[in-house]
Amino acid sequence: MKEATVRPETTEDDAFLRRLTIEGRWAEFAPLPLSDAHKRMLLEQQYEARRHHYRTYYAAADFSVIELDGQPIGRLCVLRSAPTHLLVDIALLPECSGQGIGGALLDLIIAEAAALGRSVSLRVEHTNPARRLYERKGFRETERNEVDAEMVWRA
């Protein structure tokens, strides 16, 4: 497996991050009885809403771009604070999923938190395939609602 790198997000990454949102969620929108143009518009709106939400509620988080061979392939947002590291978001382009990249990055976040005596928490939708990865890495569900669940890893 090639090793991914993580670098701080910049304003020049906006076009890629939009593309990541559209490509990453396209399959969810595919069954909707809308034109592709309307689906794209909705996904653009979701990108803007997510960006605003993250920048407002997680302003102190580290916003990063994941790269492979110098090309952007994903995003990572982590709020590092005591007593827990909050994994706000991790996303990869669909063609980069399932290759161990997300798992390797998760291992780094867990190791960093463990060295500081902290836990790692996240929220994941029930239908998200990444939930299985989180469970394999030792995350356990601590809270649940109709849409998603909070999961926490503790040393």
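The values are calculated or read from the model by the stated rules, or taken from the named source; none is laboratory data. Predicted model, so just to flag it, every value in this text is computed and none were measured. Counting neighbours? That spans all protein chains shown, and the Cβs are built from the backbone with ideal geometry, glycine included.
Residue by residue, here is whether (1) in a loop (DSSP other than H, G, I, E, B); (2) touching a residue at least 24 places away in the same chain (Cβ under 8 Å); (3) over 17 Å from the mean Cα position of the chain (by Cα) holds:
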site	(1), (2), (3)
Glu12	no, no, yes
Phe16	no, yes, no
Pro31	yes, no, yes
Tyr47	no, yes, no
Tyr54	no, yes, no
Phe63	no, yes, no
Pro72	no, yes, no
Gln99	yes, yes, no
Ala104	no, yes, no
Anything in region 30-74 that is in contact with a Lys or Arg (Cβ under 9 Å, 6 or more places away or on another chain) and β-branched (Val, Ile, Thr)? List them, or say none. Val65, Ile66
Single residue of region 30-67 satisfying the filter (farther than 22 Å from Cys96 by Cβ and of a type in the set (Ser, Thr, Tyr)) that is modelled with the lowest pLDDT: Ser35
Within region 119-137, the residues that are farther than 18 Å from Gly100 by Cβ, of a type in the set (D, E, K, R) and modelled with pLDDT of 95 or more are Arg123
Conditions (1) in a strand (DSSP E or B); (2) closer than 21 Å to Tyr47 by Cβ: number failed by Glu95: (1)
When you go through Leu87, Leu43 one by one, which is the residue that is surrounded by 15 or more Cβ atoms within 10 Å (Cβ to Cβ) and closer than 20 Å to Phe16 by Cα? Leu43
Quick test for you: out of Ser119, Ser81, pick the one residue that is more than 21 Å from Gly24 (Cβ to Cβ), without any contact (Cβ under 8 Å) to a residue 60 or more places away in the chain and in contact with a helix residue (DSSP H, G or I) (Cβ under 8 Å, 6 or more places away or on another chain). Ser119
Total residues in region 115-155, condition touching a Phe, Trp or Tyr at 6+ places or on another chain (Cβ under 9 Å), closer than 17 Å to Val88 by Cβ and part of a strand (DSSP E or B): 8
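Matching residues to (1) touching a Cys at 6+ places or on another chain (Cβ under 7 Å); (2) within 23 Å of Arg132 (Cα to Cα):
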{"position": "Leu17", "(1), (2)": "no, no"}
{"position": "Leu42", "(1), (2)": "no, no"}
{"position": "Tyr54", "(1), (2)": "yes, no"}
{"position": "Ala61", "(1), (2)": "yes, no"}
{"position": "Cys77", "(1), (2)": "no, yes"}
{"position": "Thr84", "(1), (2)": "no, yes"}
{"position": "Leu92", "(1), (2)": "no, yes"}
{"position": "Ser97", "(1), (2)": "no, yes"}
